[in-house]
Amino acid sequence: MKYHDGMEGLPLHISVPSFGMDVFHVLDAAGADAWFVGGFVRDALMGRAAHDVDIATDAPWQDVQAACVAAGFKTYETGVKHGTLTVVPDGTHAVEVTTFRTDGIYLDGRHPESVEFVSSLEEDLARRDFTMNAIAYQPGFGIFDPFDGAGDIERKLIRVVGEPEERFREDALRILRACRFASQLGFRIDGDTLCAMNTCKHLMGSVSQERKTHELDGLLMGDFPHDAIMMTADVLSYVLPELVAMNGCEQQTKYHCFDVLEHTAWAVQHAERDRLVRWAALCHDMGKPASAFFAPDGTEHFYGHALVSAQLARGVARRMLMSQAFADDLALMISLHSEKIAPTLKCVRRFLAKVGGRPELLRALLHLKRADLAAHAPEYAKGAELMDEVEDVLDQVLAEDAAYSVSMLAISGSDVMDTGVPQGPDVGRMLETLLEDVIEERLPNERHALLARVRSLRDA
Ligand code: ATP
Ligand code: MG
């Protein structure tokens, strides 16, 4: 173990998973100064479950590789240009080992033009984004924490290392990382840091959309999205301009006690932790500001807002580079979110047909409706039991043999054409009509009955 002259530490012990210790011991035996750093140390100090283990060291990556290969570990040159070698000591777990470095200048606000390797751990920690992420741990030494990250963790505070504006100008992605960490950890953002996030938010224009989407995904999937959205709405508005109109859009109805933005933030908070459901919760009322209408008695209505929201959600999905299938599901769920679903066989079959015969999408819609309901005024925040009842009926529908999608009908498109209906959109329309008749129990799902109905439709 290297002797750390003059370095002050806290003699804390962190329990490191054995695969991390294996790499540490090999580096230590090779004479390297190795430290656990980053999210692993932060989360360990918070008592959160361990995640990926990162090590920082004074050894160049070639020396790290030589020592690890000699110990029988697999290594991958994943980022050696920036000093990072990925080591897999046990065939399963990856440990990223990175040589102490500082980042050079950032011309594009995202990638350092160069990195400079340095000999001191403190310099390496100084390049890191937030104080809670700039803590190092070495077994035997304890915690090395020159920026009081442990204190900030105790205070539940996200604070930039160094001068906030300067750090956001170097890399504007850090702005969204702060928003994401706020949601994942339930921390507040330090006043100077938040102020600089607002001042620099336009710099996020130079960050790749994939990275921005990744951070927003992380924010929405966090444990504290309500607080994060409310705290950083002005910052998020740069990447989600739809939030601007939602902020302060009052809802003068007995059903609501929040403006559209806060209602939305609560809906996300209450939503099942599923990417589609959380994005749907974020977008479900985006169309309200554009559909607001006051009746003569002063009551506000938002007729048609679900369809406007669905359109806006499509725009969001496109900007976020989400897949077409994800965008379609998102828009469909949102367009249906304010429709009443009764716990009856007919109604559930009808809704299954509306979601293209996909039970999982109907379950997602029920989750969205639960989240939406839970974010209403307390006296109207009930109804989750109704959704449970609908879900029970859904299980019943799935267990029985009844048709709820065109493909489950006893005849197909070619049967329709065999009766003389020409190929084209009429075939599909006819099948939809048959499905409706079957769902409403006006017609049995039997070949003969269906063909007879096709003929009468054709001749009508
Ligand atoms: P998590 O893995 O839970 O998202 P993390 O803190 O481990 O959180 P990573 O993206 O894995 O985040 O990065 C590891 C460490 O690298 C961070 O803890 C931080 O010290 C540093 N880091 C990552 N991205 C940046 C950045 N954009 N600017 C400065 N430092 C960064
Ligand atoms: Mg990490």
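The values are calculated or read from the model by the stated rules, or taken from the named source; none is laboratory data. Just so you know, these numbers come straight off a predicted model, no measurement behind them. Please note: Cβ atoms are built from the backbone with ideal geometry, for glycine as well, and neighbour counts cover all protein chains shown. These area figures cover heavy atoms from the full protein model, side chains too; ligands, DNA and RNA do not enter into them. Shrake-Rupley method; radii C 1.70, N 1.55, O 1.52, S 1.80 Å.
Tabulated results
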{"quantity": "Members of the stretch 138-151 that are away from ligand 2 (no atom under 16 Å from the Cβ) and open to solvent by less than 10 Å² (accessible area, probe 1.4 Å)", "calculated": "Gln138, Gly142, Ile143"}
{"quantity": "Any hit, the stretch 283-298, residues being among the charged types (D, E, K, R) and not in a helix (DSSP H, G or I)", "calculated": "yes"}
{"quantity": "Hits in the stretch 10-19 - residues which are more than 16 Å from ligand 2 (Cβ to nearest atom) and either modelled with pLDDT of 95 or more or farther than 17 Å from Pro146 by Cα (or both)", "calculated": "His13, Ser15, Ser18"}
{"quantity": "Looking only at the stretch 20-47, and only at residues there that are without any contact (Cβ under 8 Å) to a residue 40 or more places away in the chain, more than 21 Å from Tyr76 (Cβ to Cβ) and part of a loop (DSSP other than H, G, I, E, B), the one that is farthest from ligand 2 (Cβ to nearest atom)", "calculated": "Gly31"}
{"quantity": "Some residue of the stretch 56-71 being under 36 Å from the mean Cα position of the chain (by Cα) and within 11 Å of ligand 1 (Cβ to nearest atom)", "calculated": "yes"}
{"quantity": "Output for the stretch 173-229, where each listed residue is in a helix (DSSP H, G or I), open to solvent by 20 Å² or more (accessible area, probe 1.4 Å), polar (S, T, N, Q) and in contact (Cβ under 8 Å) with a residue 60 or more places away in the chain", "calculated": "Ser206, Gln209"}
{"quantity": "Members of the stretch 48-64 that are within 16 Å of ligand 2 (Cβ to nearest atom) and either on the phi > 0 side of the Ramachandran plot or open to solvent by less than 50 Å² (accessible area, probe 1.4 Å) (or both)", "calculated": "Val53, Asp54, Ile55, Ala56"}
{"quantity": "Pair list, Cβ < 6 Å and 6+ apart or interchain, from the stretch 129-148 residues that are over 15 Å from Met46 (Cα atoms) to residues that are open to solvent by 10 Å² or more (accessible area, probe 1.4 Å) and away from ligand 1 (no atom under 13 Å from the Cβ)", "calculated": "Gly140/Met1; Phe141/Gly9; Gly142/Gly9; Gly142/Leu10; Gly142/Pro11; Gly142/Leu12; Phe144/Gly9; Pro146/Glu122"}
{"quantity": "Evaluation of Ala30 against (1) open to solvent by 50 Å² or more (accessible area, probe 1.4 Å); (2) aliphatic (A, V, I, L, M); (3) within 16 Å of ligand 1 (Cβ to nearest atom) (one fails), failing number", "calculated": "(3)"}
{"quantity": "Criterion: farther than 25 Å from Thr57 by Cβ, open to solvent by 40 Å² or more (accessible area, probe 1.4 Å), in a helix (DSSP H, G or I) and within 13 Å of ligand 1 (Cβ to nearest atom) - qualifying residue of Glu166, Glu154", "calculated": "Glu166"}
{"quantity": "Some residue of the stretch 98-119 being part of a helix (DSSP H, G or I) and among the β-branched types (Val, Ile, Thr)", "calculated": "no"}
{"quantity": "Cβ pairs under 6 Å, 6+ apart, first in the stretch 393-421 and of a type in the set (S, T, N, Q), second buried (at least 16 other Cβ atoms within 10 Å of the Cβ) and outside any loop (DSSP other than H, G, I, E, B)", "calculated": "Thr419/Val454"}
{"quantity": "Ala49 vs. criteria in contact with a Ser or Thr (Cβ under 9 Å, 6 or more places away or on another chain), within 16 Å of ligand 1 (Cβ to nearest atom) and assigned by TED's automatic domain parsing to the domain that holds Tyr137", "calculated": "no"}
{"quantity": "Residue that is away from ligand 1 (no atom under 16 Å from the Cβ) and surrounded by fewer than 21 Cβ atoms within 10 Å (Cβ to Cβ), where the choices are His25, His82", "calculated": "His25"}
{"quantity": "Subset tally (residues that are closer than 15 Å to Asp43 by Cα, of a type outside the set (Lys, Arg) and within 27 Å of the chain's Cα centre (by Cα)) for the stretch 151-165", "calculated": "5"}
